[in-house]
Each structure stands twice: as C-alpha cells, then as structure tokens.
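Student: This is the structure I have questions about; it appears just below.
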Ligand SMILES: NC(=O)c1ccc[n+]([C@@H]2O[C@H](COP(=O)([O-])OP(=O)(O)OC[C@H]3O[C@@H](n4cnc5c(N)ncnc54)[C@H](OP(=O)(O)O)[C@@H]3O)[C@@H](O)[C@H]2O)c1
C-alpha cells in the first residue's frame, strides 16, 4: 500500500517552533496544504509567512478547550484534515521540591491535556487514512535531576498515543521522541547551549546533536506509513543507549 502526501492537509500545532518550521517547509515542498497553529495568532502568522505565502496561520491554545473546538470546527468547514501534528511544549524544569502547580499544569496542557482534547475534537475531522502525531522527548527515557515534570509529560505522550491508536482505529496515532535537537529553544533553556551540544555529541552514538531536518524526516515517515500506529519513534541519535 502506498500513500503520498501531495495535496494532503496537515495542521501543525506549536507553529512558532523551529521543528514545526522545518516540517512545514518540507511538507510544502512535497505539495502539502499546510496550516500552522499557535496560541499567539500574530506570532503564528509571522512564522507561517516565513515558511511560505501559502501556509495558513490559525489560532489554537492547547490550554483552552474552546479554542481547540473552534479550530476543529474551522478545519471541518474547510473540508477536513488529513494529519494533525502537535510539537507544542511548555517547559517546567527544576527541582521537584520547588515545583509550582501552575507550571506543572501548563506543561501538561501542552503535552497531555491539550493532545487529549485535540483527539477529542479533531478525530471526527481527520480523513480515514489520516493520523495524529504528538511529541514526546528523551527526558522520559533518560531522566535527569530537574526533569521530573518533563519526564512525566513526555512519558505520558507515549502511553497516550498507544491508547489513542487502539481507540481511534483506523486513524493512526504516533509519537516522536527527539533527543537534543539544535533549535532556538536551547538559546534560553540552558546557560551554555554550545557546551551542552558538545557534551551530547561526545557521547551519543550519532556523534552529533540532531537538526530539525532529522525530526522532519522522521515525522514525514510516520505520516505516510499506513502500517505504523501506536508507536513512539526515537529520533535521538541513539542517546538513550549512551
Ligand atoms: N529541541 C529539543 O532538543 C527537544 C528535545 C526533546 C524533545 N523535544 C520536543 O520536540 C518538540 C519541539 O521542540 P522545540 O524545541 O522546537 O520547541 P519550542 O521551540 O520550545 O516550541 C514549543 C512550541 O509550543 C508552543 N506552545 C506551548 N504551549 C502552547 C499552548 N498552550 N498552546 C499552543 N502552543 C503552545 C509554543 O508557542 P509560543 O511560541 O506561543 O510559546 C511553541 O510554538 C517539543 O514537544 C519538545 O518537547 C525537543
């Protein structure tokens, strides 16, 4: 069975991220009709324009069910959707003894509650051969001090996609778990991003950090393969084993 992405409709939530931009750029090149969604419409519109004039911006806040429902209604009115991808994350790093409930909830909104509500409202809008794709992360499999909340959200994503794949079949549901990827998110996430990248590259079997293009290639593989569902694909250069 073959499946091409040309002319398919793909919505990517978390539109301002570098990984969303890389995926949107590659999809556009393959003839996909791409929509970028984000909680800040103006910022998302700028991100969409930077990818291409044909990319549509959409407002969608994963912490607000009404906005998720409105986005699903908009997609339905536009004729439906083939694939929904959410790369969104809200970081809540730090020692668990100083965890703040509001930050923990925001992290779960972006990665767990939001995706559950995306499934609720978008599943009826997704075409039969379509799929949902969510983002986990290495922190769930290689926990580090200060990473308790992100380990919990990222681990939940993997459990969520397997359960959704069973319930929403034949709609496919998968996850990608990136390792350290060179995105602008690291510019503020750590004191010295270059030092972190050097350390990761020295130990990971791939001997480098990842690029957004590595993640985009894996995401497109999951979107087109009709026989993969309920899976988490690790795009981490082997870092789980180092
Ligand atoms: N980069 C890495 O090394 C790495 C490693 C492991 C896992 N990952 C995973 O890969 C994905 C992409 O990573 P990235 O580095 O490109 O992320 P990023 O730059 O931090 O982007 C996160 C995106 O999520 C959006 N977002 C957060 N809360 C939202 C909400 N409530 N509603 C809608 N959008 C929301 C942000 O919107 P605003 O612009 O409005 O803030 C932003 O567009 C994430 O899921 C991340 O956990 C990345």
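Student: For the range 174-236, what is Rg from Cα atoms divided by 2.2 N^0.38 Å, rounded to two decimals?
Tutor: Ratio of Rg to 2.2 N^0.38 Å for the range 174-236: 1.26.
Student: Using a simple spin-label model with points 7 Å from Cα along the Cα→Cβ vector, what separation in nm is obtained for residue 241 and residue 91?
Tutor: 2.9 nm
Student: With a/c under 1.5 counting as rounded, go ahead and sort the range 42-138 into rounded, prolate or oblate using the C-alpha gyration tensor (a ≥ b ≥ c being the square roots of the eigenvalues; past the cut-off, prolate if a/b is larger than b/c, else oblate).
Tutor: prolate
Student: With label points built 7 Å along Cα→Cβ from the Cα atoms of residue 194 and residue 41, find their separation and express it in nm.
Tutor: Each label point is offset 7 Å from its Cα along the Cβ direction, giving 4.1 nm.
Student: Along the Cα→Cβ direction, 7 angstrom out, place labels at residue 213 and residue 101. What is the inter-label distance in nm?
Tutor: 4.7 nm
Student: Right, something else. Hey, with R₀ at 22 Å, roughly what FRET efficiency would residue 116 and residue 227 work out to, going by the Cβ-Cβ distance, to 0.05?
Tutor: 0.30
Student: Subtract the Cα-Cα distance of residue 6 and residue 64 from 0.36 nm times their separation in residues, and report this length gain in nm to one decimal.
Tutor: The residue 6-residue 64 span can extend by a further 17.7 nm.
Student: When all alpha-carbon pairs of the chain are counted, what percent fall beyond 26 Å?
Tutor: 34 percent
Student: What value, in deg cm²/dmol to 500, does the helix sum -39500 (n - 2.57) over DSSP H runs of n ≥ 4 give at 222 nm once divided by the residues of the chain?
Tutor: -13000 deg cm²/dmol
Student: GNM, the chain, Cα, under 10 Å: largest mean-square fluctuation among 113, 197, 122?
Tutor: Fluctuation is largest for 197.
Student: Restricting to Cα atoms and excluding each atom paired with itself, what does the Kirkwood estimate give for the range 8-93 in Å?
Tutor: 12.7 Å
Student: Report the FRET efficiency, 1/(1 + (r/R0)^6), for residue 54 and residue 30, where r is their Cβ-Cβ distance and R0 is 22 Å, rounded to 0.05.
Tutor: Given R0 = 22 Å and the Cβ-Cβ separation, E is 0.95.
Student: Now a separate question. So if the hydrodynamic radius of the range 124-242 is defined as the Kirkwood radius over C-alpha pairs, what does Stokes-Einstein give as its diffusion coefficient at 20 °C and 1.002 mPa s, in µm² per second?
Tutor: It diffuses with D of about 142 µm²/s by this estimate.
Since every read-out is calculated from the coordinates, none of them should be taken as a lab result. The structure presented is a predicted model; accordingly, all values stated were derived computationally and were not measured. Note: ideal-geometry Cβ built from the backbone for every residue, glycine included; neighbour counts use all protein chains shown.
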